[in-house]
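Participant: Sharing a structure, written as structure tokens. Questions coming.
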């Protein structure tokens, strides 16, 4: 017996992105950036709620690059230090779009249910 399931959908099999990864991909959707640029953009995007540390950022960048979601754009030397720029790949754009859609769908459901029960909002 064959059952149609979200588990048969390759996109649905992907796990949800962690919030820092989602925000890093969102940052790179705007333009290629180097590490410090990503850190400051993520803080701006999250309205100060997410403050990435360098170790967290570079571990995430390594993982996202290994997954094919980002790629190195270029390197340059600034004040004697290497600055590596990253860009969103096509696959990364598709993954970000799918995750954004999933989050919007879940948020719409939550808002609808809260309104139906008059919870969490003005009476």
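The values are calculated or read from the model by the stated rules, or taken from the named source; none is laboratory data. No experiment lies behind these values; they were computed from the predicted model shown. In this analysis, Cβ positions are derived from the backbone assuming ideal geometry, glycine residues included, and neighbour counts consider all displayed protein chains.
Participant: Between 57, 64, 52, which is touching a strand residue (DSSP E or B) at 6+ places or on another chain (Cβ under 6 Å) and surrounded by 14 or more Cβ atoms within 10 Å (Cβ to Cβ)?
Facilitator: Within the list 57, 64, 52, the selection yields 64.
Participant: Let me ask something additional. Can you go through 60, 116, 123 and tell me which one is part of a helix (DSSP H, G or I) and at pLDDT below 95? Give the derivation first.
Facilitator: Working: 60 fails: at pLDDT below 95; 123 fails: part of a helix (DSSP H, G or I).
Matching residue, one of 60, 116, 123: 116.
Participant: Within the bounds of the stretch 81-93, is there any residue that is in contact with a helix residue (DSSP H, G or I) (Cβ under 8 Å, 6 or more places away or on another chain) and assigned to a helix (DSSP H, G or I)?
Facilitator: So far as the stretch 81-93 goes, yes, one or more of its residues are in contact with a helix residue (DSSP H, G or I) (Cβ under 8 Å, 6 or more places away or on another chain) and assigned to a helix (DSSP H, G or I).
Participant: Looking at 114, 69, can you tell me which residue is surrounded by 12 or more Cβ atoms within 10 Å (Cβ to Cβ) and over 14 Å from the mean Cα position of the chain (by Cα)? Write out each step before concluding.
Facilitator: Details: 69 fails: over 14 Å from the mean Cα position of the chain (by Cα).
Testing whether each residue is surrounded by 12 or more Cβ atoms within 10 Å (Cβ to Cβ) and over 14 Å from the mean Cα position of the chain (by Cα) leaves just 114.
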